[in-house]
Amino acid sequence: MEEISLTINGKNISCAPGTSILNAALQNGIKIPTLCHHPNLEPVGACRLCLVEDEKSGRIMASCVTPASPNMVIHTDSPTIKEHRINIIRLMMANHPESCIVCSQGNRCELRQIAAELGVGQIGLYPMPHYTGLEAANPFIIRDLSKCILCGKCIRADHELVVVGAIDYTLRGFKSRPATVHEMPLEKSDCTFCGTCVSLCPTGALSLKNTRYVGSPQNESSTICGFCGVGCSLVMGSVDGQIVEVNPSHKQDTVNRSTLCVRGHFIHDFLSVPERLTSPLVRTDGDLSPAAWDEALELVAQRLIGIRRKNGPQSIAFLGSSKCSNEENYLFQKMARVILGTNNVDNGSYGSGRTITSRINERLDAGGRVKPLAELERAEMIFVIGANPAESLPVASYYLKRASRMNGIPLMVADPRKTALVPFSSLWLPLAPNSDYAMISGLAAILYKRGSYDKDFISQFTEGFDRYGEDLSSFKLEGVSRVTGLDGELMERAADLIEGKKIAFVIGHGILQQRHGILSMDALLNLALMTGSLGGEGKGLHFLTMENNQMGAWDMGTAPDFLPGRKSLHNDLIRKNWEQNWEVKLSPDPGLNTIRMIEEAEKGNLKALYVMGENPLRSLPQPERISNALKNLEFMVVQDILATETTLMADVVLPGAAFSEKGGSFTNMEGRIQSFEQAVAPPGEAKPDWEILGLLFAKMRYPKRYSSLDKIKAEISDLVPVYSALERNEEQTWIKESSNSRLFHLQGEGEPIHFSPVIKTEPERSDEDYPLRAILGSLRYHLGSGTRTAHSVRIKDFALKGEVEISLEDSAALKLKEGDQVRISSAHGSISREVMLNPDLRPGLIFIPVAFHNNDVMNLIELTQLGEANSPGWKECRVRIQKVEDLC
Amino acid sequence: MAKPKDIDWRELEAIIDKHRGETWALIPLLQDIQETLGYIPEESIEPIAEALNLFASQVQGVISFYAGLSLKPKGKYVIRICRGTACHVKGGRSILRFMKKEVGLDEGETSPDYQFTLETVACLGACFLAPAMMVNRTYFGKLSPPKVTSILAEYGKKKGEG
Ligand code: SF4
Ligand code: SF4
Ligand code: SF4
Ligand code: FES
Ligand code: FES
């Protein structure tokens, strides 16, 4: 398209057609004051501050909503314009309360800044302030709408960015203001406390309720959120070395744009609680007492080497962390493999689906890994399976809701529960837990029968379709309905919705933690191949990873059967290659995964365990069993930022630094590698985990010195081609995919992808003693087991109780009402909860949020490796419920 | 005595269902409910939003924006007195004062028997009849206190009855 040329303030410029005058000016470094404009929001022209004048027509117009047209001669700062602007500001100030002077927004208030720039002091108008009362009952956001200038940014943020719809304008004229439905306080509305509206509000009308500090922070630094796999970019404000405030980054190319979720915005108290570990601790005479770094590290080195000498390398295991950086995970597994000679390395993401995502590694040879969330907004159709991202990865849910509501992209949701995405979907498949594989193969069978599959794609990139087709034609759809509970008509409608389209799959913990996770993954890959929904934009598999560096920890080889770069340990060539890289002989023995580590400790075979950044006593099933297993160890080192259930059992505790206190890189769910810098210093003597590991390498007499982060980055980018971009230390870069699949090759060379056999459906056996099925899942106020989030003062103030949700039918049958205390028991243990009735829940299902009450829900499930398929199956279990009074 | 109708939920649902999925039809739908029930019950905001794929806050925003839509039940007869410039010049203010006394209601109020609601509007668009008012859809112009009394009598309000 041809560029438009025009003149702004005497400067000849050109811009693409359709560009607003404001953007044309900004692109050319010409500043125009604005209050209601934001690059991520649709322009509305509400504040009129961005007025400019066209010399030719004499017209005065709002530059944010007026497109530039050829040959305009624009003045942004003429005397007329200035006068208008000053008047607008005067009118706004007349409407503003006197408390302006003591407003906590202080100099960050854009209104005040602009007023100062324009020299508006005394306004000379009759003040007509607008008293609305202060709303501050919730622990997150303060609303003082007397300071509202009706720019509508909060409303647009709420509708266009996070797509919640908690607020909109109400009334008109002088009384107009942003309001919730029925004018309820925020905590009684749909508000998710993401705080996005607060970050965008140009005045003090919306502000963060600060528990620690009032006023503007002294320093601001950018970092990456340490909670979930979205990996949002943050700006952390600090005062005297303490983080006091968090906001979304101002940059434009971030995954979160200007949004955040409640965790990223408000739940960082754990960084500065008294439970932070500030000095190494060594167990002497049964008690943990402070020790010098050198002493603690010497002890760790000697004991580990000693145990290896006495009991062999298989007697030592390393549990790394999906919350630690790539660099740290790389060093951690290298220490295990190279110095101690064991593949017993795993990380916390075992429980959140690593074994299941590894199926794509096997079948696609790690192709199709780079999956920007932004592609979802351009997809033909989106199929969300077993995921409730509005709670688990909120910023990912914003993408899905925007795709549906703004771009009209059909969304299909398969989930036993009516999740927050269902109202945005074209179709909801309320299937029985663990039956996804049957539903997916059922859809494939219907499409096959209709003859609707991507024949070109199949012949070009795959192998085994004929066999697969035979399987599908003998696949019994009645069986599918029996297992899934979805009737034939619903299945046909689902098939209608995907027929002829490329599908973007969004896969969550409903699959990743499910006992039939691998079966479901296989069925899903078959469906993706059959519909040609792999390889390319707007199609393929998006995995919602729970932990922020789940992908990176795995990529770095912190897994028993993978070497760095996600390369299989069982491949002789790859192992040889790494033996050369590291100049060492590597053990070909498959290492122990998390569960097997515990089992071996129970048997007394495992003697030493090094835990970095994990809290297995809280995050794994059957805590008592874990505790007994860990007691069997001769030696346990725990390196963490917080004193936890697990550090209490350690022989040596090494205090690490949180993400905000060190540099490094994380890899998010999209395959985006994000480097971050230190924002504040670690507390006391705590050190970055990479530094601790580097010192241990030295103590164990490894010849290479890891004395700086750059050295580690250089080694990774040198040896791991997928991470070759790491060395450049850019704020963000992407993993470099390498796959032998033809589909992911530019030149079309390589191997075809194989269809896998269709697995016959089998109805799950019911259990009379435990007639209900409990689904375990997250609420947005906690992450994972809640080790960090439970420290939040705001979360404590919010007084969430983590109630068990029960359907109306079951509660009637069990004579339970809201607020009753119940005992929930499974074959493995029991917990107590308060009852919450959920009219959207289907009978037979209950929902228990994880992380609450010290994550005691882990007592209900069993720590076991499910079959050869190696699925954790921690998503769901069979339970019974009794009212507590009936029990006494 | 005419009370506001008890909400006939089935009728309400039928109206909402008629427009299900038609995001653009919010205003016709709201008018439909307003006409059928005389107001839009607060409890219908969420079901309307759900049916039209809108946010409840958006639905509320629209209802509260238009003077013709109301979240509160109104009287059988809605009196709208003009407060526009032309009417003001011709003594609209004293007409309003007189009316308030006659019906015993302040602006925005509805009589306990749900006979009358008193409202004011910026301009009725009948300036040539100033001072003007409307009762439901009927215009009355060139008002004077005696004329107001006789109009009210037509609608069943005898002089002096409070
Ligand atoms: S609350 Fe803030 S963001 Fe919202 S309209 Fe008012 S001034 Fe704008
Ligand atoms: S905090 Fe988030 S959800 Fe709540 S009103 Fe603001 S933008 Fe909407
Ligand atoms: S979505 Fe995830 S990464 Fe983003 S702010 Fe929330 S917890 Fe942090
Ligand atoms: S910035 Fe253009 S009208 Fe507000
Ligand atoms: S001013 Fe009263 S009708 Fe126009």
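Since every read-out is calculated from the coordinates, none of them should be taken as a lab result. What you see is a predicted model, and the numbers here were worked out from it, not measured in a lab. Glycine gets a Cβ as well: all are built from the backbone with ideal geometry, and neighbour counts include every protein chain shown.
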Normalised contact order of chain A, rounded percent, pairs of Cα under 8 Å and 6 or more residues apart:
13 percent
So how do B:46-54, A:779-787 stack up, highest first, on mean other-Cβ count within 10 Å?
A:779-787, B:46-54
Calculated diffusion of the range A:304-388, Stokes-Einstein form, Kirkwood radius summed over Cα pairs, 4 °C and 1.567 mPa s, µm²/s
82 µm²/s
Over all directions, what mean area does the Cα convex hull of the range B:9-65 project, stated in square nanometres?
3.2 nm²
Exercise: per-residue mean of other protein chain Cβ atoms within 10 Å, B:60-67:
5
What Rg and what Dmax come out for the range A:1-158 when only alpha-carbon atoms are used, in angstroms?
17.5, 54
Strictly over 32 Å apart at the Cα level, which of A:175/B:90; A:147/A:188; A:323/A:711; A:883/B:18; A:209/A:711 would you flag in this model?
A:883/B:18; A:209/A:711
Net charge dipole size for the range A:670-776 [Lys, Arg +1 and Asp, Glu -1 on Cβ; Debye, nearest 20]
520 debye
Please compute the average number of Cβ atoms from other chains found within 10 Å of each residue's Cβ in peptide A:161-170.
4
Count the net charge of all other residues whose Cβ sits under 13 Å from the Cβ of residue A:615, scoring Lys and Arg as +1 and Asp and Glu as -1.
-2
Would you mind ranking A:8, A:81 so that the residue whose beta carbon has the fewest other beta carbons within 10 Å leads the list?
A:81, A:8
Within 10 Å, count the other beta carbons around each residue, average over each peptide in A:610-617, A:816-823, A:710-717, and list them highest first.
A:610-617, A:710-717, A:816-823
Rg and Dmax in Å for the range A:772-887, alpha carbons only: what are they?
14.5, 45
Averaged over the residues of A:391-402, the number of partner chain Cβ atoms within 10 Å of each residue's own Cβ comes to 0
Compactness of chain A - radius of gyration and Dmax, Cα, Å
28.7, 90
Net charge near residue A:487: determine it from the other residues with C-beta under 13 Å of the C-beta of residue A:487, scoring Lys and Arg +1 and Asp and Glu -1.
-1
Charge dipole of chain A about the Cα centre (unit charges at C-beta), most positive-ward option of A:849, A:488, A:69
A:69
Once you order the gyration tensor axes a ≥ b ≥ c over the Cα atoms, which shape class does the range A:616-733 get: rounded for a/c under 1.5, otherwise prolate or oblate by comparing a/b with b/c?
prolate
Charge dipole (the protein assembly as shown, unit charges on Cβ, about Cα centre) - positive-most of B:87, A:305, A:613:
B:87
How high is the relative contact order of the range A:4-77? Use alpha-carbon pairs under 8 Å, at least six apart in sequence, and give a whole percent.
42 percent
Identify all aspartates and glutamates with a Cα-Cα distance to residue A:699 below 13 Å; exclude those on the same chain that are fewer than 8 residues away in sequence.
A:294, A:295, A:298, A:691
Highest-first arrangement of A:526-539, A:455-468, A:381-394, where packing means the average Cβ count within 10 Å:
A:381-394, A:526-539, A:455-468
Among beta bridges assigned by DSSP with both residues in the range A:490-642, the antiparallel ones amount in percent, to the nearest 5, to 25 percent
If the only charges are +1 at each Lys and Arg Cβ and -1 at each Asp and Glu Cβ, what is the size of the charge dipole of the range B:77-154 around the Cα centre, to the nearest 20 debye?
400 debye
Going by how many other Cβ atoms sit within 10 Å of their own, how do B:19, A:853 line up, fewest first?
A:853, B:19
Among DSSP bridges having both ends in the range B:77-154, what percentage is antiparallel? Round to the nearest 5.
55 percent
Over the range B:9-65, calculate the relative contact order: mean separation of alpha carbon pairs under 8 Å at least 6 apart, over the residue count, as a percent.
36 percent
With charges set only on the Cβ (+1 for Lys and Arg, -1 for Asp and Glu), what does the dipole of chain A come to about its Cα centre, in debye to the nearest 20?
840 debye
Lys and Arg at +1, Asp and Glu at -1: add these up for the other residues within a Cβ distance under 13 Å of residue A:284 and post the number.
-3
Determine how many Å³ per residue the convex hull of the Cα atoms of the range A:369-534 encloses.
109 Å³
